[in-house]
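Novice: Dropping a structure here in structure tokens format, bear with me for questions.
Computed from the coordinates by the stated procedures, all read-outs in this text should not be read as laboratory data. Keep in mind that this is a model prediction, so the values were computed, not measured. Here the Cβ is made from the backbone with ideal geometry for all residues, glycine too, and neighbour counts use every protein chain on show.
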Amino acid sequence: MTDCEFANPRDYVKCVVVGDGEVGKTCLLVSYTTDKFPTVHVPTVFENYAVTLTVDDQSMVLGLFDTAGQEEFDRLRVLAYPDTDVFVVCFSVMNPTSFENVKEKWIPEVRHHTPGVPIVLVGTKSDLRLSYQEIKQLETEKRSPIKFQEGLELASEIGAHSYVECSALTQDGLKDVFETAVVLHPDSSSQ
């Protein structure tokens with residue numbers, strides 16, 4: 001599906017989702033587009049999804065581009081970046097390294113290839129903050145889950161337009177991620 005297929009290109013929003021491997025990008029997209037949490041992990045190279053949303057009485061198609069976060073895909077991943085309307089930059093609230101990589105890797109990469117494109121910062125796996133087992137595992141590494149306030153502060157520091165937390169498993173906050181992304185589309189407010 002391309003912008004050319006729409007009578008009005010403003011009816012289409014290209015949203016590219018980036019972040020470290022295994023932070024839950026694919027689960028986020030599959031859960032959102034199918035209302036089902038995927039039970040099998042299949043590493044992603046590139047996957048595309050499309051959903052129709054209505055925002056402010058306007059119907060829009062949201063093109064969702066899932067990218068691989070692993071370093072071996074760095075040169076391929078950037079091929080998805082041209083014509084992006086909004087980026088969703090993900091980290092897992094249970095993975096402090098993925099949080100650090102937002103600033104160290106993902107924002108520099110996105111800003112280098114697509115300066116000025118709006119960013120939504122997303123903390124995934126928020127349901128795991130309540131998991132005793134997950135918290136104990138982090139404690140053995142002398143680490144702790146990322147707090148909501150830390151996400152807000154990072155969003156401000158990197159110039160993201162919003163910070164949203166979600167759980168693909170429970171779907172808590174899931175719709176907020178993509179409704180926020182659509183609202184950031186440069187032409188969505190000028191209709």
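Novice: Nearest-5 percent of antiparallel DSSP beta bridges in segment 54-191?
Specialist: Working: 2 of 12 bridges.
Of those bridges, close to 15 percent are antiparallel.
Novice: Dipole of the chain, Cα-centred, from +1 at each Lys and Arg C-beta and -1 at each Asp and Glu C-beta, to the nearest 20 debye? Let's see the in-between values first.
Specialist: Values: 16 positive and 30 negative charges, 73 e Å.
Rounded to the nearest 20 debye, it is 360 debye.
Novice: Let me ask something else. What is the calculated FRET efficiency for THR54 to LYS136, with r their C-beta to C-beta distance and R₀ = 30 Å, to the nearest 0.05?
Specialist: 0.10
Novice: Cross-link partners among lysines for LYS14, C-alpha distance below 18 Å, same-chain residues fewer than 8 apart left out?
Specialist: Within the straight-line limit of under 18 Å, LYS14 reaches these lysines: LYS25, LYS175.
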